[in-house]
1. For segment 1-38, which positions are touching a Pro at 6+ places or on another chain (Cβ under 7 Å), surrounded by 12 or more Cβ atoms within 10 Å (Cβ to Cβ) and hydroxyl-bearing (Ser, Thr, Tyr)?
2. Which is part of a loop (DSSP other than H, G, I, E, B) and either of a type in the set (Phe, Trp, Tyr) or touching a residue at least 12 places away in the same chain (Cβ under 8 Å) (or both), of Thr35, Thr25?
Amino acid sequence: MTVHVVKTGENLWSISNSYGVPLHTILELNGLPSTSSIVPGLTLYLLNHLPTLRPYQIIAGNHIWQLAQQYHTDVSAILAAHQGY
């Protein structure tokens, strides 16, 4: 499970898009009655998911943990998605 702390200016739609998690999933998982019920500092729980498969060419100097941060996932999810490559 991923944890996200709401920052000033964020809304559920932008958070949903950033993490690739459906808006209704965020609402249900966090027991939120509507999309307008968030405030800065609120902790949201997001389900871990496999990263969206996007073409990415590894280049010298890449680190898997940096890629995980860039794509809002974790190292284990990237490794699981690429087993057998």
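Values quoted throughout were computed directly from the atomic coordinates according to the rules given, and no laboratory measurement underlies them. Given the structure is predicted, the values throughout are model-derived calculations rather than measurements. Heads up, the Cβs are rebuilt from the backbone with ideal geometry, glycines too, and the neighbour counts pull from every protein chain shown.
1. If we filter segment 1-38 for residues that are touching a Pro at 6+ places or on another chain (Cβ under 7 Å), which is where we start, we get 6-8, 16.
Pick out the ones that are also surrounded by 12 or more Cβ atoms within 10 Å (Cβ to Cβ) and you get 6, 16.
Correct list: Ser16 only.
2. Among Thr35, Thr25, only Thr35 is part of a loop (DSSP other than H, G, I, E, B) and either of a type in the set (Phe, Trp, Tyr) or touching a residue at least 12 places away in the same chain (Cβ under 8 Å) (or both).
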